[in-house]
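Step one of this worksheet: look at the structure below.
The values are calculated or read from the model by the stated rules, or taken from the named source; none is laboratory data. Keep in mind it's a predicted model, so treat the numbers as computed, not measured. Cβ sites come from the backbone with ideal geometry, for glycine too, and all protein chains shown count toward neighbours. Areas reflect the complete protein model, heavy atoms only, side chains present, ligands, DNA and RNA absent. Shrake-Rupley method; radii C 1.70, N 1.55, O 1.52, S 1.80 Å.
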Amino acid sequence: MVLVISEPIKSQSKTVCVIGAGPSGLVSARELKKEGHKVVVMEQNDDVGGQWLYQPNVEEDPLGKTKALKVHSSIYSSLRLISPREVMGFSDFPFTVKEGRDSRRFPGHEELWLYLKDFCEVFGLREMIRFNVRVEFVGMVDDDKDVDDNMKRWMVKSVAKKTGEVIEEVFDAVVVASGHYSYPRLPSIKGMDSWKRKQLHSHIYRVPDPFRDEVVVVVGCSMSGQDISIELVEVAKEVHLSAKSLDVPPGLSKVISKHHNFHLHLEIESLEEDGRVIFVDGSCIVADTILYCTGYWYKFPFLESKGRVEVDDNRVGPLFEHTFSPFLSPSLSFVGIPRKLIGFPFFESQAKWIAKLLSGKTSLPSFDEMMESISEFYLAREAAGIPKRNTHDICDFNYSDKYADYIGFPHLEEWRKELCMSALLNSIENLDTYRDSWDDDDLLQETLQNPYFTQFTSP
């Protein structure tokens, strides 16, 4: 459909609360600041980074079922990036090698956290951030009064984690940038609740040592499931990876063939009280531990939108372009919800659109047009056989470019797309070595001569 953008209103400054100081929250704060808005970033941890702020401590509940999670990050100690550093930087802040730091092309998680700290310092964002503050409630002010939803203001109630002090404030707008890798998503397996041995979600996995000499079943063949299995196979007695299909990427097959104690299975049929794990093909093993690498739920426990924004089978909606509620835009927006795309540049384009909308420099389509666009998107996903729970899995460079066109943000550079695809294809073929061995050096060296890497400098 063709969307008609209405006339913008005159430029104006707003008070804006950004929830979260991870990548999406930080770039949102920067863009809002550039547009002259008064910004407060609320961050529950003691530093920036979001998921990339490694937390060695873990939840008391190994399955992470508690309503109020105490640990935000799901990063494990050995985690390295799955994309090369060249493709990950914001549009004016490349993720380059720094002297004395992790210089690998696919560095460990700490290096990306340090990049975000550099970003924060260079653009003067720290002064806007309140650390160790948990947002408890976000709701519209005077919701019952006859005021257009998009003109509503927002009550934000926060709690200082160290003192317990409760603060209630009113903002013109709220940007939700709280991430989506914290609330464990668990499968439903017969006997799971009565199985007496150890069960945990990868949200609380940090290091392999606790699993030494154990028989471990890893449920889920995502990148984390594969990575953790490869790490565990070096210390565990046996690792049994349970997947939806035995038709796995060749790189994983190669790794399994190298280890006598690494086995691939179909899904679990049931768990028995005597420790047996029975798979759908009738085979079974006796396990010490089951580790669920089964993803995460989108959750916004602080948000009271009176049903205007809901999460249904991991679909957050209705949201226009994964960002705006047609009922509540532009005063409520979400940054960082889409998955399986080149994240940082996309988050930046979201942030720029939000900032310009709030300052009146651009406008959204009408309510009806946004709802029709959302409906068409849902129908297209359904026609493509994509489950509702994967609504926000994009897997398409063209979408990033389409999104950028709304605000005149540059399209993804061809070199960025090519390097990303090269790394992805290498990982499919060479799962255990792709982070340290690649065959796109010519493309890489040509890319590093690009003005993006030579004109922008950071400390």
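Couple of notes before you dig in:
- Pairs linking a residue in the stretch 99-119 that is within 15 Å of residue 77 (Cα to Cα) to a residue that is β-branched (Val, Ile, Thr) and outside any helix (DSSP H, G or I), with Cβ atoms under 7 Å and 6 or more positions apart or on different chains, are 109/75.
- Of the residues screened, residue 368 is not one that is farther than 24 Å from residue 181 by Cβ, outside the structural domain of residue 320 (by the TED database) and over 25 Å from the mean Cα position of the chain (by Cα).
- Hey, residue 382 touching a residue at least 24 places away in the same chain (Cβ under 8 Å), surrounded by fewer than 19 Cβ atoms within 10 Å (Cβ to Cβ) and not basic (Lys, Arg) or not: no
The rows are residues; the columns are (1) in a helix (DSSP H, G or I); (2) in contact with a strand residue (DSSP E or B) (Cβ under 6 Å, 6 or more places away or on another chain); (3) among the hydrophobic types (A, V, I, L, M, F, W, C).
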| site | (1), (2), (3) |
| --- | --- |
| 47 | no, no, no |
| 62 | no, yes, no |
| 82 | no, no, yes |
| 106 | no, yes, yes |
| 111 | yes, no, no |
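- The stretch 413-432 residues that are among the β-branched types (Val, Ile, Thr), paired with ones that are part of a loop (DSSP other than H, G, I, E, B) (beta carbon under 7 Å, 6 or more apart): 428/249
- So residue 76, is it open to solvent by 20 Å² or more (accessible area, probe 1.4 Å), part of a loop (DSSP other than H, G, I, E, B) and not aliphatic (A, V, I, L, M): no
- Pairs, first without any contact (Cβ under 8 Å) to a residue 60 or more places away in the chain in the stretch 240-259, second in a helix (DSSP H, G or I) and surrounded by 14 or more Cβ atoms within 10 Å (Cβ to Cβ), C-beta under 6 Å, six or more apart: 241/229
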